[in-house]
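Here the structure comes first, spelled out in structure tokens, and everything after it is commentary.
The values are calculated or read from the model by the stated rules, or taken from the named source; none is laboratory data. Remember, predicted model here, so these are calculated numbers, not experimental data. Cβ placement follows ideal geometry from the backbone for every residue including glycine, while neighbour counts extend to all protein chains displayed.
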Ligand code: PLP
């Protein structure tokens with residue numbers, strides 16, 4: 001079956017209560033058992049079942065299964081946000097004294113999180129991951145994990161995904177890929193050898209900016225018996241399940257950043273149209289990026305769908321479409337705030353992956369905390385404005401941009 005048919009019917013085929021088409025919202029936090037021994041077996045991981053709402057819930061489970069299917073993975077663990085998924089997962093599988101190599105082109109909060117890891121004794125090296133040789137050169141004896149975004153937020157650099165996958169495989173390193181900007185419809189990081197894939201469900205997968213969520217999908221392509229970090233009591237059944245348990249217990253249960261059942265259902269319903277939205281969003285982005293690239297008031301347009309983008313060939317080879325994020329640098333003659341304030345249809349807001357087109361002055365908002373030096377290293381100019389295209393009629397968006405620039 002194709003991506004859309006498979007996703008649309010996945011939960012229903014899993015026999016939802018009363019033939020309901022959507023998995024219902026199960027609000028219960030606790031789950032009662034007739035037989036106390038059965039509850040004990042669920043706690044001990046000997047029997048599947050629900051123990052407590054912080055750890056899992058039937059509505060959340062249904063969403064996890066859907067994301068696993070989308071990514072072609074083994075199992076998924078959902079969290080209350082994308083950041084919770086990244087942070088809790090890494091905390092659950094690395095320890096003080098370990099080293100991780102990360103792309104230096106990252107979403108700002110992930111960058112900030114990694115600085116906090118460093119303060120807790122997990123060493124971090126930031127490298128330009130558009131070239132795999134930089135990752136190779138940064139490896140140390142204690143390196144355990146490599147983290148990259150497929151398309152980096154906000155400057156749209158594309159990591160050398162396949163070559164980094166080969167390096168991780170050759171050195172026994174965990175390859176952790178953030179697929180948020182591409183989504184499993186446009187790209188499956190597993191094809192490049194990713195072992196763990198994170199998606200912020202808040203963005204394209206949920207797609208309507210009405211629920212926060214995040215998810216880590218575990219692939220069945222890493223020998224977790226080599227990891228000394230897995231707790232003895234989780235070493236049951238097939239080896240890949242050990243790490244699923246580790247993330248569920250040490251990550252989700254102990255940090256407690258759980259996804260609410262209401263949010264899970266909103267995201268699940270939103271994800272039904274992921275493929276349609278990504279096609280339309282990418283078409284709109286291509287058209288708008290081309291329009292802006294030819295405008296005299298625009299200095300630069302960063303978009304993987306433009307042949308001028310340094311990783312254009314990689315984007316064409318790997319992704320079904322170039323997705324909906326592009327950033328522009330405006331001519332010095334224009335104040336970026338004036339330009340944004342003149343927009344009427346495009347909304348100035350902090351988010352991406354919505355059905356509505358959004359924009360944000362990056363250096364002054366989401367990258368403000370980083371300071372000028374780190375922004376310079378990451379190629380974030382003061383006039384950089386990030387756009388996340390929505391599904392509006394593209395002519396309306398073009399007219400809005402044109403009138404604002406004029
Ligand atoms: N990863 C990327 C690439 C993002 O752009 C974001 C948010 O913008 C996140 C992770 C974090 O997601 P959330 O806002 O759901 O915590």
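Points to keep in mind about this one:
- Here residue 215 fulfils each of the conditions (1) under 25 Å from residue 143 (Cα atoms); (2) assigned to a helix (DSSP H, G or I); (3) at pLDDT 95 or above apart from (2).
- Residue list for the range 157-191, filter: within 11 Å of the ligand (Cβ to nearest atom) and part of a loop (DSSP other than H, G, I, E, B): 179, 180, 181, 182
- Of the residues 97, 108, 72, the single one that is surrounded by fewer than 23 Cβ atoms within 10 Å (Cβ to Cβ) and either outside the structural domain of residue 171 (by TED's automatic domain parsing) or within 16 Å of the ligand (Cβ to nearest atom) (or both) is 108.
- Among the numbered conditions (1) within 16 Å of the ligand (Cβ to nearest atom); (2) touching a strand residue (DSSP E or B) at 6+ places or on another chain (Cβ under 7 Å); (3) under 24 Å from residue 322 (Cβ atoms); (4) modelled with pLDDT of 95 or more, the only one that residue 154 does not meet is (4).
- Among the residues of the range 6-33, just one is at pLDDT 95 or above and outside any loop (DSSP other than H, G, I, E, B), namely 30.
- Scope the range 324-356; condition over 16 Å from residue 381 (Cα atoms) and touching a helix residue (DSSP H, G or I) at 6+ places or on another chain (Cβ under 6 Å); matching residues: 324, 342, 343, 344, 345, 346, 348, 352, 353
- Among (1) out of contact with any helix residue (DSSP H, G or I) (no Cβ under 6 Å at 6 or more places or on another chain); (2) free of Cβ contacts under 8 Å to residues at least 40 places away in the same chain, the one test that residue 49 misses: (1)
- Pick from the range 204-219, criterion away from the ligand (no atom under 11 Å from the Cβ) and in contact with a strand residue (DSSP E or B) (Cβ under 9 Å, 6 or more places away or on another chain), ranking: farthest from residue 81 (Cα to Cα): 219
- The range 192-203, subset more than 10 Å from the ligand (Cβ to nearest atom) and farther than 17 Å from residue 75 by Cβ, residue surrounded by the most Cβ atoms within 10 Å (Cβ to Cβ): 192
- Only one of the listed residues (293, 257) is over 29 Å from residue 4 (Cβ atoms) and outside the structural domain of residue 82 (by TED's automatic domain parsing). That residue is 293.
- Selection of first residues in the range 70-82 that are closer than 19 Å to residue 352 by Cα and of second residues that are assigned to a helix (DSSP H, G or I) and more than 16 Å from the ligand (Cβ to nearest atom), restricted to Cβ pairs under 8 Å at least 6 apart or on distinct chains, gives an empty result.
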